[in-house]
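Written below as structure tokens is the structure these notes are about.
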Amino acid sequence: MNEQILTTLARIKQARPPVHIKKDGSYRCVGLSNEVLDFLLETIEPGSNTLETGCGLSTLLFALADCNHIAIAPNSTHIEETKKVAAQNQISLDKVTFVEKRSEHFLPMWSTESQLDTILIDGGHAFPLAILDWFYTQQHLRQMGYLILDDIGLQSVHVLFEFLKEQPEWEVFRIIHKTAFFRKLTNLQIENEWDYWHKQSYNRSIKTKIRQVYYGVKHRLRF
């Protein structure tokens, strides 16, 4: 790894610049942990096609690694503060595209001819935003590409984490603190089916079967 990249990343990790604005107008840093940043750097290569929902320290890392990167964030202040930190640390943003829109509005209309190598979902955390971010991006992720979920302790994100763990198309590669790295093993073959719930391992679990029996019996007992 380029020594200059490591030196700049070390400076960013030490400072953890506050690029996210709070309701009271003050700033704070709610970016990925330093350990996650280190591991993320190991998984990406120069020229990788990457996308994230949200922006901040991770955006700086993708830029440092010379990725063709898309950062989707509806907050102009977050974007401008990220750009300021990049300028202060001489990090080029020439290959970074900032999309100042809500991801649930932008992603359904977005398409790309190049497959993505890495996706980071760390934007809106209210239910079901993480699920929507995954749904509209996972089809563009190449086989053996990485999907990263941050804040898996939040129920709104944890439900997606639990779903992906059950699916044979995805492999949990590593979990660091509250961030999960998945690797996409294959695409789900649904043959243009509209309702393919029966092909999802998540819907064939013992818990699901017990729940179906429970509600079936509960309904019959009402009559």
> Mean shadow of the chain, computed from the convex hull of its alpha carbons, in nm²?
Replying inline: 15.0 nm²
> Once the Cα atoms of helix 76-88 and of the chain are each reduced to a long axis, what angle between those two axes, in degrees from 0 to 90 to the nearest 10, is obtained?
Replying inline: 40 degrees
>> Could you tell me which residue out of F161, L60, N203 lies farthest along the dipole of the chain toward its positive end? Charges go on the beta carbon: Lys and Arg +1, Asp and Glu -1, centred on the Cα centre.
In response: N203
> When DSSP assigns beta bridges and you keep just the ones with both residues in the chain, what percent turn out antiparallel, to the nearest 5?
Replying inline: 40 percent
> How many Lys pairs in the chain lie less than 21 angstrom apart by Cα atoms, where the lysines are 8 or more positions apart or on different chains?
Replying inline: 24
>> Over 5 Å intervals from 0, what percent of Cα-Cα pairs in region 126-221 sits in each interval?
In response: 2, 12, 19, 22, 20, 12, 7, 4, 2, 0
>> Using Cβ counts within 10 Å as a stand-in for footprinting exposure, how do F98, F127 rank, fewest first?
In response: F127, F98
> Just in region 75-174: which GluC sites (Glu not before Pro) are loop by DSSP and have at most 13 other Cβ atoms within 10 Å?
Replying inline: E113
>> Please compute the modelled spin-label separation between S114 and S76, points set 7 Å along Cα→Cβ, answer in nm with one decimal.
In response: 2.8 nm
> Which ordering of R174, R102 is given by a fewest-first count of other beta-carbon atoms within 10 Å?
Replying inline: R174, R102
> Working out 0.36 nm times the residue gap between Y214 and C29, then minus their Cα-Cα distance, what length gain in nm do you get to one decimal?
Replying inline: 62.1 nm
> About its Cα centre, how strong a charge dipole does the chain have in debye, to the nearest 20, once Lys and Arg get +1 and Asp and Glu get -1 at the Cβ?
Replying inline: 1100 debye
> In debye to the nearest 20, how big a dipole does region 123-214 give about its Cα centre with +1 on each Lys and Arg Cβ and -1 on each Asp and Glu Cβ?
Replying inline: 300 debye
> Taking the simple approach of a point 7 Å from Cα along Cα-to-Cβ for both L188 and Q4, what is their distance in nm?
Replying inline: 4.4 nm
> Any idea what the relative contact order of region 1-120 is, in percent, if you count C-alpha pairs under 8 Å spaced at least 6 apart?
Replying inline: 25 percent
> Roughly how many nanometres apart are two label points built 7 Å out from the Cα toward the Cβ at A15 and K199?
Replying inline: 4.9 nm
> In whole percent, what relative contact order does the chain give with Cα contacts below 8 Å and a gap of six or more residues?
Replying inline: 14 percent
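All of the numbers you see were taken from the coordinates with simple rules; none came from a lab. Computed from a predicted model, the values in this text were never measured in an experiment. Note: ideal-geometry Cβ built from the backbone for every residue, glycine included; neighbour counts use all protein chains shown.
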